[in-house]
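See structure below.
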Amino acid sequence: MEKTYLLALANITNRCNLKCKHCFVFREGTPNTPTKINEMPAEVMVKILKNYKRKHSIFRMLWMGGEPLLRKDVLKLGVKLFQENVIATNGTLPLFNLGSNIKWTISLDGPEEINDMIRGYGSFNKVLSNLNNLTEDFQGDLQCNCTVTNINKDFMEELINILSEETPIRGITFTFYVPKKKDTSEFKWENLKERDSAVKKIITLKKKYPKFILNNNMVLRLLLSQNAMQITNNCPLKKYALPLYLGKKGFEVPFCCYGNDVNCDMCGSWGVFHLAAILKLNPGFPDKLSGPFRKVLPSDIL
Ligand SMILES: C[S@@+](CC[C@H](N)C(=O)[O-])C[C@H]1O[C@@H](n2cnc3c(N)ncnc32)[C@H](O)[C@@H]1O
Ligand code: SF4
Ligand code: SF4
């Protein structure tokens, strides 16, 4: 029998209109080149995804890229395939209505100045303008996903205030930087102990903004240095999520959701720790989904 996955993640295009400095997708050694073959017609791509769905009983899809809004044609057809859909977008292109049960995660990495340093000049204001000019028929859940790194860690409260006061964003999830193996960038922390101060800042903010910050307390504590490697050594995201990246000829499965060049010991992926918390709280999950296991449904995982 084919392996069952709780969710899949599909990069539906290798094109992107931004060049964020921290992006794991465009690292060397990871499938990330747009080609005529992999930029396939929407119908073809959706048919291939349908086969993956059937083979692995996938009910939740995380639509990614590149920038998935460059393939609106794929999104329009694709969201009909899965029970649950999350679209991760840089938010610089206009959002469009795909129904009320779609979860949109909009990426911003700080207030204007620091966000634009990472994600490109002018991108912050484009996102805010799009969020405030949604079409009248727009439905869907709007969240922000912010990647905390060594250079933006002190700007998170300012971002929370802007988002909650000036946009229709409902809440924010913080994910921590996933470095590559030999990372010499300004984004990285030298070790987990050094990252702790940034994690603790978010734990403190969570007390002040308990509803707006969507990461739960237990998940944040798991990220601390005394706990983190117990989780990343046996990564639950690698076990339960199927990553589909576009190689030159079509979908391929890379090492993990973060591509092929990653340093697991320093991984701060929200998805990894969130899933770990659910597994800790529900012994037997996801194999046993009846009885008491109903208290945490797979829909809670991302
Ligand atoms: C790779 S992007 C793809 C979707 C879309 N283009 C976007 O920016 O949201 C998905 C998310 O990964 C985040 N991300 C990029 N590089 C990262 C890294 N090295 N570690 C953790 N998250 C990262 C982005 O900021 C974004 O929120
Ligand atoms: S917008 Fe998304 S895919 Fe594009 S470079 Fe930035 S993080 Fe990477
Ligand atoms: S980089 Fe993170 S998500 Fe990928 S396998 Fe390692 S711990 Fe898991």
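Read the figures in this text as sums done on the coordinates, not as results from a lab. Just so we're clear, the structure is a prediction, and the values are computed from it rather than from any experiment.
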Review point. Pairs 53/80; 19/126; 36/72; 126/207; 3/72: which exceed 19 Å Cα-Cα?
Key: 126/207; 3/72
Point to revise | Choice from 267, 257, 16 with maximal GNM fluctuation in the chain (Cα, 10 Å cutoff) | key: 16
Revision key, fill the gap. Computed over the chain, the distribution of all Cα-Cα distances in 10 Å bins, rounded to whole %, is 6, 28, 38, 24, 4, 0
Revision key, fill the gap. From the Cα centre of the range 132-173 to that of the range 100-123, the distance in Å is 8 Å
Exercise for review: Write down, largest first, the equivalent ellipsoid semi-axes of the range 30-144 in whole Å, where each equals the square root of 5 times an eigenvalue of the alpha-carbon gyration tensor.
Suggested key: 26, 18, 12
Exercise for review: Please express the Cα-Cα pair-distance distribution P(r) of the range 106-155 as a list of whole percents, one per 10 Å bin, running from 0 to the bin with the greatest distance.
Suggested key: 24, 49, 22, 4
Study note, to complete from the structure: Sorted largest first, the C-alpha extents of the range 182-221 along its principal axes in whole angstrom are 36, 16, 14
**Study point:** Relative contact order of the chain, pairs being alpha-carbon contacts under 8 Å that are 6 or more residues apart, as %
**Key:** 21 percent
**Study point:** Estimated [θ] at 222 nm from DSSP helical runs (n ≥ 4, -39500 (n - 2.57)) normalised by residues in the chain, nearest 500
**Key:** -9500 deg cm²/dmol
